[in-house]
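**Student:** Dropping the structure in here first, questions after.
The values are calculated or read from the model by the stated rules, or taken from the named source; none is laboratory data. Everything numeric here is computed off the predicted structure, so don't read it as measured data. Here the Cβ is made from the backbone with ideal geometry for all residues, glycine too, and neighbour counts use every protein chain on show.
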Amino acid sequence: MSTLHSENVNALKQRLTQFPPHLQTILEGAVASIADASKPLRFTNTATGLRELIRELFVSISPDQSINAWLLVYVDSPSSCSV
């Protein structure tokens, strides 16, 4: 792993410490996948891991219940209706 890449991964790991610990595990798995040149699906596995990392991060930042509650308030408000 290049120094620049390593620094970026370490910075991301540091930022993830404020979120659930399994997010760091997902990141470590994605990094391990891309590093293993013997695996033909390494890019696919890495992309899947990163997608799940982002999805899980969004869930921890804004749980579905709070989004659904906001959506119901927004949809039920008179200003959301088109004229």
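**Student:** Please enumerate the residues belonging to the stretch 16-38 that are surrounded by fewer than 12 Cβ atoms within 10 Å (Cβ to Cβ) and β-branched (V, I, T).
**Tutor:** Residue satisfying the conditions is T17 alone.
**Student:** Hey, could you check the stretch 47-63 for residues that are farther than 26 Å from A35 by Cβ and β-branched (V, I, T) and say which is surrounded by the fewest Cβ atoms within 10 Å (Cβ to Cβ)?
**Tutor:** Applying the filter and picking the extreme gives I61.
**Student:** Going by the conditions given, is S66 surrounded by 10 or more Cβ atoms within 10 Å (Cβ to Cβ), modelled with pLDDT of 85 or more and assigned to a helix (DSSP H, G or I)?
**Tutor:** Against the criterion (surrounded by 10 or more Cβ atoms within 10 Å (Cβ to Cβ), modelled with pLDDT of 85 or more and assigned to a helix (DSSP H, G or I)), S66 does not qualify.
**Student:** How many of the residues in the stretch 35-53 are closer than 17 Å to H5 by Cα and either outside any helix (DSSP H, G or I) or touching a Phe, Trp or Tyr at 6+ places or on another chain (Cβ under 9 Å) (or both)?
**Tutor:** Total satisfying the criteria: 2.
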